[in-house]
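Please treat every number below as a calculation from the coordinates, not as lab data. These figures come from a predicted structure and were not determined experimentally. FYI the Cβ positions are ideal-geometry reconstructions off the backbone, even for glycines, and counts take in every protein chain you see.
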């Protein structure tokens, strides 16, 4: 019988069994760890693929991925082969052991140590350098796609007469290939030299020959390849001079050839190219001569030539030829830079006109009436009233508005009305009970648009809402109000499954809903759930009972993120804005194509150029992570993101842009034609702010066309600091419906001011026509003030406001108690040769948490007013009251008739037209409504013409609403239709009286 006690058999068996279990356990854990890492990598890839497929841009994912993989394997393999071949060749050319010196014999232990692992060591080294090179090459996927798909610019540089596409698309790829060649040659040279030394081909301390003939020939060829590549680098450097950055005069990041480049560096590069070719041939000749003497002499001469010809000679030319007569020498090259920069930034057609800065009209009544025809003065500042929207229209704590609202225009009563608009977006910070279900299943979306007239406020200084309440109702008609995609929606939501979502709350309690859209990724598949659980680091996604049939996960939900993801080759504007278009809320996103390879055009850094006082206070408005330098930019794409479905559409906006055409070849069928933009969407497109800020920065220097003037620096302008705060940041541009002196009617515009460099008086006013779809869209107009006289700039105007005794006393009273005074946007309007400044003043205090419009500051021609309403301030400044009758608001009746028979008849006709319009509204007959509005405008114009003198009706008078500008947006779209249920007015307005 076996011994069951403590004999030798029993204990050995008991020790052996746990040992096998441990090994099995360790092996299992190892396999699981490998599988876990593999699935983690797979999860990232799989969830990316699912997302791109869900937004119907899977071709972007596959094209980008295949390009990266292709570059990784091709260049990784080339690098591995180059290094591996040279190691193998050096080992093959090793001398016999009997010929080795005592120095080399001391390395025997190293050779013996690696002998059994030579193949594995070779494979490991080549694999390592291959992986590094492949990873580096895969990051060049944009460079490769632009090179292989590049289209011509049909513009040639003035020096080498090559198409701009060579510099934008070809030269960057050639430089990458050159850099890769240098890296491969240097690594091969190092690897070969170490191998030769290890196996006796090279000697360091031993007497006699330092290298065998085989090692000499091998290393000489590699050195010859290196010098040959250096010759290619010298040749490419010749063309690189056209896009080389340098600081010149007041212009940082100047590109293009200057006098010293064309007359010293260019011939120097050509000479050095020839010397490098000869030197390379000398190195190759060592295969036959077996001596280093001539190659070393040639290499030394090349280095000496690089110092003397490439460094010292240009310095002598600069010192003794250029500096004594710099303006004359540099003028031709400056002229090329002026032309190229203006073309590259789209400012070559800028219209610069002289503007006196003072009015010569003596009739103050005429000037007062001209205000309403010149501009719809916006007294509602979208950058201040967000807390007011929040307080009056938030409705629930889990809703919020952006810090900065947006300005758009909507058709009301046949005219376009500047409108301040914001979405009631989801704010998870306001959810009382924070947990995973509430944050990701129940609270999933915002609800509704809130909009207010930009030119008016009610008697209490609150916005006059045209779309408000929850659910929102007003002038925008019927539309899908749920906001699943927005600027504040930064986390994922899981919708459409068994868990109901909170829709909105009213007096009857909470309403629930379930997402019916097709957006997002379906989580019914267990593999998808597991992948997202790993990718998002949330295991509950895998097993939660709240996820079931129909559940979909929504993420990448901000408009900027979605457009960047589907078009990674675009640069995105910092301010997406919402618009109601065809019954849907659409986020409109402006996108740019850029390059830094436009010859002779100066470079700018987007992140710095687009910064102002708003981006400093709100990072969401900045062009984040765009610190790269560019010297060509086009607003080539208009993108939309549906706030409910998340659908992304890219529209070709600039049909001539070669950079966009190149990317459209690389990613076919991703960008839709410009003709696919609907009229209702076109009515809400506008000129983008970031492009305007880049252009205004360049125009502060490049508004001049004469090289001598540019070199003198006498006409350099600057963008003034924002005078309404003490941040020291640039004043932001402002959207405003206005007309420049050469325009016949108001146009939605983006405006800014300039001051002379280092001074505060005004030097110029700039505006760009932002009415998309019109002939003048994008036309930049600059009104240049005379240098012989001074006109107050924004900072001086603000100082004048603050220093005038009566105004200062009023401000002090407004600040009484715990009240705070906030200055709104300081708007500048050219008017009859002079400049009208208007600034709303808000007060936050008295227990209120939001600002209210209390006063209006106005100055013109040295006269300043600080009144309760815009009309009162304008009347005081001009010393006359407006004779323009106030058009009726929807839901109100035309003004009462006067004793003038002609006026009375005209107003009776206006009443009939108004009643006809209301009847048409009830019937939904938009054609009849449009005709009634036209008849109403005609009748009011007859009344205005017949009334020689009279008072404007209402407490606010006229602000110069949009009545003079015909609508450019179709009235048949939901975004443009007046509602049949008027919002009404809360009394006399603090802003403009012309509500239409």
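Key figures for this structure:
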quantity	calculated
Residues 384, 437, sorted so that the one with the fewest Cβ neighbours within 10 Å comes first	437, 384
Computed log₁₀ I(q)/I(0) - Debye formula, equal Cα scatterers, no solvent, segment 518-615, q 0.14, 0.17, 0.23 Å⁻¹	-0.79, -0.93, -1.17
Average projected area [Cα convex hull, segment 777-822], square nanometres	5.9
Backbone N under 19 Å from the residue 757 label point (7 Å along Cα→Cβ), restricted to segment 690-706	694-706
Residue-span extension gain [residue 706 to residue 40] - 0.36 nm each, minus C-alpha spacing	233.7 nm
Residue order, fewest to most surrounding Cβ atoms within 10 angstrom, among 161, 218	161, 218
Inter-site label distance for residue 161 and residue 511 at 7 Å from Cα along Cβ, in nm	7.1
Using a Förster distance of 35 Å, the FRET efficiency for residue 397-residue 808 (Cβ separation, nearest 0.05)	0.35
Förster-model FRET efficiency, 41 Å R0, residue 92 and residue 294, C-beta, rounded to 0.05	0.95
Cα→Cβ-extended label distance, 7 Å offset, between residue 33 and residue 246, nm	5.8
Gain in span if fully extended, residue 849 to residue 319, counting 0.36 nm per residue against the direct Cα distance	184.4 nm
Computed Kirkwood radius, in angstrom, where 1/r is averaged over Cα pairs of segment 721-861	16.6
Area projected by the alpha carbon convex hull of segment 490-556, averaged over all directions, nm²	5.1
Cα centroid of segment 665-700 to Cα centroid of segment 503-553, whole Å	35
Cα centroid separation - segment 796-810 against segment 642-658, whole Å	47
Residue 123 paired with residue 58, simple spin-label distance in nm, labels 7 Å along Cα-to-beta-carbon	3.7
Using a Förster distance of 25 Å, the FRET efficiency for residue 491-residue 48 (Cβ separation, nearest 0.05)	0.85
Sequence of 24, 126 once ranked by neighbouring C-beta atoms within 10 Å, starting from the fewest	24, 126
Residues of segment 140-176 with amide N under 20 Å of the 7 Å Cα→Cβ point at residue 262	155-164, 167
Size descriptor, Kirkwood hydrodynamic radius, that averages inverse alpha-carbon separations across segment 653-743, Å	17.4
